Amino acid sequence: MTVNKRKKPASVNPIKTGQSLGAVLALQGCYRAMPLIHGSQGCSAFPKALLTRHFREPIAVQTSALQEMDVIFDANRNLEEALNIVLSKHRPDIIGIIGTELTDVAGVDYATMLKSYKRERNLRGGLAFSVVLPDFRGSLESGFSGAVEAMIDEMIQQAGHRGSRTVNTRQITLLPGSFLTPADVMELKEMISAFGFEVIAVPDISTSLSGHLLTGFSPLTRGGVPLDSMLQSLQSGLTIAVGASMERPARRLHNALGTPYKVFSGAMGLKASDDLLHFLHQISGEPVPLRYCWQRENLLDSMLDAHFQFAGMSVVTALEPDHLHSVSGWLEELGVEQKALIASYETPVVAGMEREVWIGDMDDAEVLGKDADLWISNSHGMAGAARIGAAFMPAGFPVWNELGAYMSASVGYRGAMDWTNKAGNLLMQREAGHRESSIRHR
Amino acid sequence: MDPVRKVDFDSEACGSQTPKSKPCPRPKPGEAAGGCSFDGAQITLLPIMDAAHLVHGPIACAGNSWESRGTLSSGPSLSQYGFATDLNDSDIIFGGEKKLKESIDYIAGRFAPPAIFVYSTCVTALIGEDMDAVCKEAGDRLGIPVIPVNSPGFVGSKNLGNRLAGDALLQYVIGTGEPEPETPLGVNLIGEYNIAGEMWDIEKLMNSAGISVTSRITGDARYQEITWAHRARVNMVVCSRALLGLAREMESRYGIPFFEGSFYGAKETTYSLRQMAYLMNDREMERRVDRLTEREESRLAQDLRPYRKILKGKKAVLYTGGVKSWSVISALKELGVQVVGVGTNKSTEDDVRRIADRVGDDTEYIPEGGASRILKTVRERKADIMIAGGRNMYVAMKEQIPFIDINQERHKAYAGYEGLLRLAKELTYSLANPIWKLAASSAPWDKEVPYDR
Ligand code: SF4
């Protein structure tokens with residue numbers, strides 16, 4: 001419908017994180033990878049700390065550690081030094097060089113530098129790519145999909161088999177969007193494979209950031225999709241992208257290899273889950289497994305149980321664009337009033353939503369969501385929710401006020417059921433709290 | 001222990017006030033860890049709780065960092081708001097000064113803060129924004145202090161940022177106000193950021209000894225109190241090399257004597273309290289301090305007894321970097337914990353000297369090299385526990401090593417006598433948790449023994 005912006009010069013309590021953080025996240029889903037941020041050391045230290053805080057896992061990332069004079073004179077000397085050290089010390093399979101606003105403004109050409117570096121060092125067998133992600137554009141979501149796109153480009157280049165490939169129609173490439181948790185990605189992989197498909201997720205944070213003790217500590221990523229599986233994914237007969245932001249990488253595969261693709265804007269709620277399962281059923285010719293039929297019943301039943309709780313309730317939601325779209329669709333099914341929807345930045349998907357969407361920050365959520373009963377956003381929204389007296393439901397990134405948030409799934413029938421119950425419980429607790437305080441005040 | 005004036009600081013150290021004769025070590029590309037100067041400046045200034053803190057730059061510097069620190073407030077919370085000019089493409093091309101000016105006006109108009117701190121970041125520094133001029137103009141027009149903090153990330157480390165923040169306080173804040181006539185004058189605490197509420201424990205102690213805090217620079221501080229910091233009688237620099245310069249400058253400008261101390265461990269706490277009374281030159285106060293510290297120490301000794309029994313002979317690897325290393329070592333020693341490895345990555349020569357004074361000969365120094373290097377020491381020295389910053393917490397978890405968080409994101413206060421008791425408890429809980437045994441066990445079906453039918 002319409003995209004609005006409240007008129008104010010400064011961002012007050014931002015939702016946005018930088019694009020480069022999204023790229024670092026994407027690379028955590030690849031095995032033995034090292035994201036290398038081409039910028040000053042703070043530009044890697046902050047994302048590292050924030051991702052660590054959210055996932056409660058060590059995060060692999062390095063920096064070219066630019067200082068003032070390096071930026072002015074020769075930033076690529078630092079990059080070369082960093083590459084030398086990372087390659088000789090850790091031997092990663094995948095290196096992603098992430099350009100920042102600093103290298104962008106200074107006009108540093110590291111793509112060419114990387115090309116000649118690869119030629120000189122004869123970097124075969126590994127995957128090294130670069131991507132331009134200044135933080136004065138986009139947010140986590142665009143950084144994530146941008147990095148995946150660059151990674152896929154490099155894979156296609158390296159495999160070098162334009163057109164001439166043996167297509168495996170039983171294999172599907174899953175491109176999960178940045179808003180999906182490791183548990184979400186796991187659930188999606190299970191759903192797709194339940195119809196008899198091999199599925200390769202690129203990237204796959206479900207096996208890296210889900211918390212496992214298999215390999216101990218490593219400075220590289222532990223878990224995630226290995227490089228040979230990534231290259232193998234080029235043979236897939238179909239790409240499924242979840243999140244509109246993942247359409248571009250899917251289109252890359254289509255343009256270069258002819259792989260057809262299907263984009264699901266999300267997989268949260270009854271209708272979205274129906275769409276996904278129906279699609280899988282149709283392309284596979286397999287019946288929908290019984291457990292999903294059960295889960296569908298379970299979801300509907302829990303929605304019936306919970307609908308008393310949601311009657312007359314209003315919600316304010318502040319998230320990254322794709323996530324906002326997905327969550328809003330689920331809220332629609334709960335029949336709550338959607339008081340305000342706030343996205344971190346504008347994308348076609350939020351511009352195309354039937355409801356009015358605001359581009360803004362947590363402060364906008366606070367002002368526009370005044371008197372809302374429920375507040376859904378990352379943990380930065382906690383203070384604002386408290387100020388307007390709304391129950392706070394953490395979602396998105398970063399979440400630090402809840403254990404195991406990264407393992408909570410919202411996709412599929414079961415995810416929707418869990419979230420419905422969670423939201424209902426929060427509202428119940430809030431009501432109980434109100435009753436309590438009115439007794440005390442009497 | 002006689003209170004003595006310590007004066008032999010290593011003034012060449014990175015982060016100190018005097019001109020650098022030795023440049024800060026350059027962070028190594030490909031293996032650098034740690035934050036930027038902007039981060040450092042915010043660590044020092046964000047604990048001024050009632051001020052607004054506006055970050056001038058593209059979103060990431062503020063967006064990735066706001067609400068990430070463990071500094072607590074007892075009242076106003078404006079400093080917990082994340083303000084950013086959030087520059088976009090065209091702002092970068094045409095300049096962001098107009099947006100900065102409007103942002104300052106907006107914040108002043110809507111939140112009416114006593115002061116606004118404005119931080120430059122790499123990009124705004126690179127494109128040559130004249131922040132000082134914008135701040136000056138806005139401040140004059142609005143009638144509130146608008147203070148530029150020129151500490152963009154790429155000038156150096158966090159330590160340097162702490163120092164640059166101190167410079168901003170000296171240049172724009174300290175000496176611009178006066179306390180109420182009746183206010184008792186006492187001590188400025190410099191470099192104590194009220195992480196997890198440590199400042200409150202310290203203040204309580206000082207108050208029971210009759211010593212008042214004049215300005216908190218800056219834990220749980222209010223802007224006004226820093227304006228009259230020049231009226232204090234003593235400056236204490238709490239575990240902060242980077243703000244030594246501030247204390248030194250205040251000594252030469254206002255004649256305020258200073259000392260360097262810590263509140264980690266009973267001994268250091270007692271020393272610090274005594275030193276305050278001594279420098280205030282107040283016999284009566286010294287006697288009060290003596291009585292208080294004796295009472296507190298003997299009570300603490302009682303309380304600690306059961307924990308000491310458990311902790312005695314336990315081995316720890318400590319990796320905090322910088323000044324905190326030596327002060328935490330003292331605390332651990334008092335608990336009977338042996339420090340078998342200690343990080344010296346950000347320590348100056350003087351820090352290392354002090355570390356050497358406190359640890360045994362066979363303690364390993366870990367210069368740098370990140371997590372892998374720390375783990376190596378833990379393994380080789382068969383350490384029982386790792387004590388480090390949040391960054392390394394999950395490194396330890398992946399290796400199933402008990403861990404205590406000691407840095408600025410932590411949630412436990414370890415300062416003073418109470419704090420030492422808390423540390424003893426935390427160490428004990430951590431070591432005794434059943435998870436270490438469980439995590440090391442394998443699933444029954446993974447065991448070799450065949451099923452016995
Ligand atoms: S290094 Fe510069 S651009 Fe990066 S976070 Fe620090 S101030 Fe911001």
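(1) more than 16 Å from the ligand (Cβ to nearest atom); (2) more than 22 Å from A:Ala45 (Cβ to Cβ): which one isn't true of B:Pro148, the others all being true? Tallying (1) more than 16 Å from the ligand (Cβ to nearest atom); (2) more than 22 Å from A:Ala45 (Cβ to Cβ), B:Pro148 fails exactly one: (1).
Within segment A:210-222, how many residues turn out to be of a type outside the set (S, T, N, Q) and either away from chain B (no Cβ under 11 Å) or in contact with a His (Cβ under 9 Å, 6 or more places away or on another chain) (or both)?
Keep residues of segment A:210-222 that are of a type outside the set (S, T, N, Q), which gives A:211-214, A:216-217, A:219-220, A:222.
Subset that is either away from chain B (no Cβ under 11 Å) or in contact with a His (Cβ under 9 Å, 6 or more places away or on another chain) (or both): A:219-220, A:222.
Of the residues in segment A:210-222, 3 are of a type outside the set (S, T, N, Q) and either away from chain B (no Cβ under 11 Å) or in contact with a His (Cβ under 9 Å, 6 or more places away or on another chain) (or both).
Checking the conditions here, which among A:Ala432, A:Ala405, A:Ala423, A:Ala409 is within 22 Å of A:Val242 (Cβ to Cβ), modelled with pLDDT under 95 and aliphatic (A, V, I, L, M)? Result: A:Ala405 is the single residue among A:Ala432, A:Ala405, A:Ala423, A:Ala409 that is within 22 Å of A:Val242 (Cβ to Cβ), modelled with pLDDT under 95 and aliphatic (A, V, I, L, M).
What residue, among those in segment A:397-419 that are of a type in the set (Ser, Thr, Tyr) and out of contact with any His (no Cβ under 8 Å at 6 or more places or on another chain), is nearest to A:Gln295 (Cα to Cα)?
My answer is A:Tyr413.
Somewhere in segment B:425-439, is a residue within 21 Å of B:Val317 (Cβ to Cβ), within 22 Å of the chain's Cα centre (by Cα), without any contact (Cβ under 8 Å) to a residue 40 or more places away in the chain and open to solvent by 50 Å² or more (accessible area, probe 1.4 Å)? Within segment B:425-439, not a single residue is within 21 Å of B:Val317 (Cβ to Cβ), within 22 Å of the chain's Cα centre (by Cα), without any contact (Cβ under 8 Å) to a residue 40 or more places away in the chain and open to solvent by 50 Å² or more (accessible area, probe 1.4 Å).
What about B:Lys412, is it surrounded by fewer than 19 Cβ atoms within 10 Å (Cβ to Cβ), within 20 Å of the chain's Cα centre (by Cα), more than 14 Å from chain A (Cβ to nearest Cβ) and closer than 21 Å to B:Leu311 by Cα? Break it down into steps so the answer makes sense when it comes.
Values: surrounded by fewer than 19 Cβ atoms within 10 Å (Cβ to Cβ): yes; within 20 Å of the chain's Cα centre (by Cα): yes; more than 14 Å from chain A (Cβ to nearest Cβ): yes; closer than 21 Å to B:Leu311 by Cα: yes.
Yes: the conditions hold for B:Lys412.
Consider segment B:233-264 and keep the residues that are open to solvent by less than 10 Å² (accessible area, probe 1.4 Å) and either more than 22 Å from B:Lys324 (Cα to Cα) or in a helix (DSSP H, G or I) (or both). The one that is modelled with the lowest pLDDT is B:Ala242.
Yes/no matrix, rows are residues, columns are (1) open to solvent by less than 20 Å² (accessible area, probe 1.4 Å); (2) within 14 Å of chain A (Cβ to nearest Cβ):
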{"residue": "B:Arg373", "(1), (2)": "no, yes"}
{"residue": "B:Arg381", "(1), (2)": "no, no"}
{"residue": "B:Gly389", "(1), (2)": "yes, yes"}
{"residue": "B:Gln400", "(1), (2)": "no, yes"}
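Select, from B:Ser68, B:Ser74, the only residue that is surrounded by fewer than 17 Cβ atoms within 10 Å (Cβ to Cβ) and either at the interface with chain A (Cβ under 10 Å from one of its Cβ atoms) or closer than 25 Å to B:Lys412 by Cα (or both). Sole residue among the options that is surrounded by fewer than 17 Cβ atoms within 10 Å (Cβ to Cβ) and either at the interface with chain A (Cβ under 10 Å from one of its Cβ atoms) or closer than 25 Å to B:Lys412 by Cα (or both): B:Ser74.
Looking only at residues of segment A:77-106 that are of a type outside the set (A, V, I, L, M, F, W, C) and within 16 Å of the ligand (Cβ to nearest atom), we find that the one that is farthest from the other protein chains (Cβ to nearest Cβ) is A:Gly99. Residues in segment A:115-143 that are open to solvent by less than 10 Å² (accessible area, probe 1.4 Å) and within 27 Å of A:Thr347 (Cα to Cα): A:Phe129, A:Leu133, A:Pro134, A:Asp135, A:Ser139, A:Leu140, A:Glu141, A:Gly143.
The residues on offer are B:Ala52, B:Ala108, B:Ala84, B:Ala60, and the sole one that is within 15 Å of the ligand (Cβ to nearest atom) and touching a strand residue (DSSP E or B) at 6+ places or on another chain (Cβ under 8 Å) is B:Ala84. If you scan segment B:63-81, which residues turn out to be within 16 Å of the ligand (Cβ to nearest atom) and over 15 Å from the mean Cα position of the chain (by Cα)? Correct list: B:Gly63, B:Asn64, B:Ser65, B:Trp66, B:Glu67.
All conditions in (1) farther than 26 Å from A:His212 by Cβ; (2) more than 23 Å from the chain's Cα centre (by Cα) hold for B:Gln400, with the sole exception of (1). Here the condition is being in a strand (DSSP E or B) and not hydroxyl-bearing (Ser, Thr, Tyr); of A:Gln157, A:Gln171, it holds for A:Gln171 alone.
The numbered conditions (1) at the interface with chain B (Cβ under 7 Å from one of its Cβ atoms); (2) farther than 17 Å from B:Phe38 by Cα are all true for A:His38 except (1).
Test A:Lys7 against the stated conditions and say whether it is open to solvent by 10 Å² or more (accessible area, probe 1.4 Å), of a type in the set (Lys, Arg) and more than 16 Å from the ligand (Cβ to nearest atom).
Values: open to solvent by 10 Å² or more (accessible area, probe 1.4 Å): yes; of a type in the set (Lys, Arg): yes; more than 16 Å from the ligand (Cβ to nearest atom): yes.
Against the criterion (open to solvent by 10 Å² or more (accessible area, probe 1.4 Å), of a type in the set (Lys, Arg) and more than 16 Å from the ligand (Cβ to nearest atom)), A:Lys7 qualifies.
Given the criterion modelled with pLDDT of 95 or more, open to solvent by 20 Å² or more (accessible area, probe 1.4 Å) and farther than 18 Å from A:Leu25 by Cα, identify the matching residue among A:Arg170, A:Arg162. Break it down stepwise before answering.
Numbers: A:Arg162 fails: modelled with pLDDT of 95 or more.
Just a single option satisfies the conditions, and that option is A:Arg170.
Criterion applied to B:Ala51, B:Ala84 was being surrounded by 19 or more Cβ atoms within 10 Å (Cβ to Cβ), at pLDDT 95 or above, in contact with a Pro (Cβ under 7 Å, 6 or more places away or on another chain) and within 14 Å of chain A (Cβ to nearest Cβ), and the one residue passing it is B:Ala84.
The rows are residues; the columns are (1) within 14 Å of chain A (Cβ to nearest Cβ); (2) within 16 Å of the ligand (Cβ to nearest atom); (3) open to solvent by 10 Å² or more (accessible area, probe 1.4 Å); (4) hydroxyl-bearing (Ser, Thr, Tyr).
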{"position": "B:Ile144", "(1), (2), (3), (4)": "no, no, yes, no"}
{"position": "B:Gly156", "(1), (2), (3), (4)": "yes, yes, no, no"}
{"position": "B:Asn159", "(1), (2), (3), (4)": "yes, yes, yes, no"}
{"position": "B:Leu164", "(1), (2), (3), (4)": "yes, yes, yes, no"}
{"position": "B:Val173", "(1), (2), (3), (4)": "no, no, no, no"}
{"position": "B:Gly177", "(1), (2), (3), (4)": "no, no, yes, no"}
{"position": "B:Leu189", "(1), (2), (3), (4)": "no, no, no, no"}
{"position": "B:Met199", "(1), (2), (3), (4)": "no, no, no, no"}
{"position": "B:Ile202", "(1), (2), (3), (4)": "no, no, no, no"}
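Whenever a residue of segment A:343-362 is without any contact (Cβ under 8 Å) to a residue 12 or more places away in the chain, its partners that are open to solvent by 40 Å² or more (accessible area, probe 1.4 Å), lying with C-beta atoms within less than 9 angstrom and at least six residues away or across chains, give the pairs A:Gly352/A:Met1; A:Gly352/A:His325.
For B:Arg233, the stated conditions hold: it is over 25 Å from B:Ser79 (Cα atoms) and touching a helix residue (DSSP H, G or I) at 6+ places or on another chain (Cβ under 9 Å).
Name the one entry in B:Ala138, B:Ala112 that is open to solvent by 10 Å² or more (accessible area, probe 1.4 Å) and either hydrophobic (A, V, I, L, M, F, W, C) or more than 14 Å from chain A (Cβ to nearest Cβ) (or both).
Values: B:Ala138 fails: open to solvent by 10 Å² or more (accessible area, probe 1.4 Å).
B:Ala112 is the lone residue from the list that is open to solvent by 10 Å² or more (accessible area, probe 1.4 Å) and either hydrophobic (A, V, I, L, M, F, W, C) or more than 14 Å from chain A (Cβ to nearest Cβ) (or both).
Residues that are under 17 Å from A:Gly224 (Cβ atoms) and facing chain B (nearest Cβ under 7 Å) were ranked within segment A:53-67; the one that is farthest from the chain's Cα centre (by Cα) is A:Gln62. The listed residues are A:Asp109, A:Asp74, and the only one of them that is within 30 Å of B:Ile127 (Cβ to Cβ), within 13 Å of chain B (Cβ to nearest Cβ) and open to solvent by 60 Å² or more (accessible area, probe 1.4 Å) turns out to be A:Asp74.
Scanning segment A:12-33 turns up no residue that is within 11 Å of the ligand (Cβ to nearest atom), open to solvent by 10 Å² or more (accessible area, probe 1.4 Å) and more than 17 Å from B:Gly389 (Cα to Cα).
The values are calculated or read from the model by the stated rules, or taken from the named source; none is laboratory data. Computed from a predicted structure; not experimentally measured. Ideal geometry is used to build each Cβ from the backbone, glycine not excepted, and the neighbour counts take in all protein chains shown. Note: accessible area is taken over every heavy atom of the protein model, side chains too, but ligands, DNA and RNA are not part of it. Shrake-Rupley method; radii C 1.70, N 1.55, O 1.52, S 1.80 Å.
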